[in-house]
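Working notes, structure below.
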Amino acid sequence: MKLTIGHLYPDLLNLYGDRGNIQCLMKRCQWRGIEAETIVFELGDAIDFSNLDIVLLGGGSDREQMLVNDELKKIQPDFKAYVEDYGVVIAICGGYQLLGKYYKTEQGTVTGLDLVDLYTEQESPRLIDNIVLKSDLFDMPVVGFENHGGRTYINDNQPFGKVLYGAGNDGISGCEGVVYKNVIGTYLHGPLLPKNPQVTDYLIAKALERKYEKEIVLEPLEDEEEREANRYICQRFVKES
């Protein structure tokens, strides 16, 4: 089996070590004997989404999101078709905001990809803290770090998780992120995937199931250190709240 990962615009969308998410996906495939490659796409590159199994859209500042805005308009139809065909996407922070219809900032409005029915508006103060979620997708909590001025409203979509500690999408709803088909959008940095092997394996399994059209049960890996770190973070911060 083989998976191809597309990393979109990492020169601009790579805050808080988002490349670590790529490394985690690659390693957890390779440790299982699954061949994996990553294709990096820069501004101006043609993207054939039919050749991709997982797409990473990382985080970027408001300025950097504006810089990629014109490029996003060019790829939107093909990206939309990929998403509607259950293509696997992990979108982090700024990438999460770009999934929606728009992101309204003090400098202007960034038109989003309109891949998911959501929108974001900049508000004060910035939401900066560790964060812990309970997601219906996993038996382990999801942990990370959030730092965002945007408030994201996901309308009737399923959230990625319920906030046990931290602010989440808007600091009010108690929800964080979004799940739409095989798309996960979230504000969690850290980077996200090395701290949460259960999320990494979910993405890998979904991508393999879509590609090979059969149910996939991944071989378990030795994750005791990751699970212990997860327990420590949960005990420390959820207890505080």
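Tabulated values for the structure
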read-out: Reachable lysines, given that their alpha-carbon falls under 29 Å from the alpha-carbon of residue 239 and they are not under 8 places away in the same chain; value: 134, 162, 195
read-out: Cα-based radius of gyration of region 2-237 once divided by 2.2 N^0.38 Å, which approximates compact folds; value: 0.94
read-out: Within the accessible area of the chain (1.4 Å probe), percent carbon and sulfur; value: 48 percent
read-out: Accessible surface, 1.4 Å probe, highest first, among residues 163, 55; value: 163, 55
read-out: For region 85-194, size of Cβ-based charge dipole, Lys and Arg +1, Asp and Glu -1, in debye; value: 80 debye
read-out: Cα-centre dipole for the chain with unit charges at Cβ (Lys and Arg positive, Asp and Glu negative), debye to 20; value: 280 debye
read-out: Anchor residue 101: aspartates and glutamates whose Cα lies under 12 Å away (excluding residues fewer than 8 positions away in-chain); value: 114, 117, 121
read-out: Qualifying lysines (Cα of each under 26 Å from Cα of residue 214; at least 8 residues distant if same chain); value: 2, 27, 80, 181, 206
read-out: Dipole axis of the chain (+1 Lys, Arg; -1 Asp, Glu on Cβ), positive-most option in 69, 164, 3; value: 164
read-out: Mean-position separation - Cα centroids, region 4-80 and region 165-208, in angstrom; value: 16 Å
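The values are calculated or read from the model by the stated rules, or taken from the named source; none is laboratory data. Since the structure is predicted, the reported quantities are computational estimates derived from the model, not experimental observations. Quick reminder, even Gly has a Cβ in these numbers, built from the backbone with ideal geometry, and neighbours come from all protein chains shown. Side chains included, ligands, DNA and RNA excluded: accessible areas come from the protein's heavy atoms. Shrake-Rupley method; radii C 1.70, N 1.55, O 1.52, S 1.80 Å.
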